[in-house]
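Some notes on the structure that comes next.
Bear in mind that the values in this text are calculations on the coordinates, not laboratory data. Just so we're clear, the structure is a prediction, and the values are computed from it rather than from any experiment. Glycine also receives a Cβ, built like all others from the backbone with ideal geometry; neighbour counts cover every protein chain displayed.
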């Protein structure tokens, strides 16, 4: 079984284009079903957004995850997207 602590801080790589999407900062959980819905990658925060909300963070749904390795998580997203923040919410 995979613990959530081991999942956090892993780098997320899109296998469609080899691009790093960031590092996992949190997970989304379905409390009723007891399952993980997705992983959360934080939005880039500028100097004036240090204390901003998490509404711009990106959630990658669990069915997009292909492999969870020791250091990275490989996901498969369409290679045609340009802005991850608007792609998966």
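How many nm separate the modelled label positions at residue 19 and residue 4, each set 7 Å beyond the Cα in the direction of the Cβ?
Taking the simple label geometry, residue 19 and residue 4 are separated by 2.9 nm.
Neighbouring Cβ atoms within 10 Å as the yardstick, rank 28, 44 fewest first.
Final ranking by Cβ density, sparse to dense: 44, 28.
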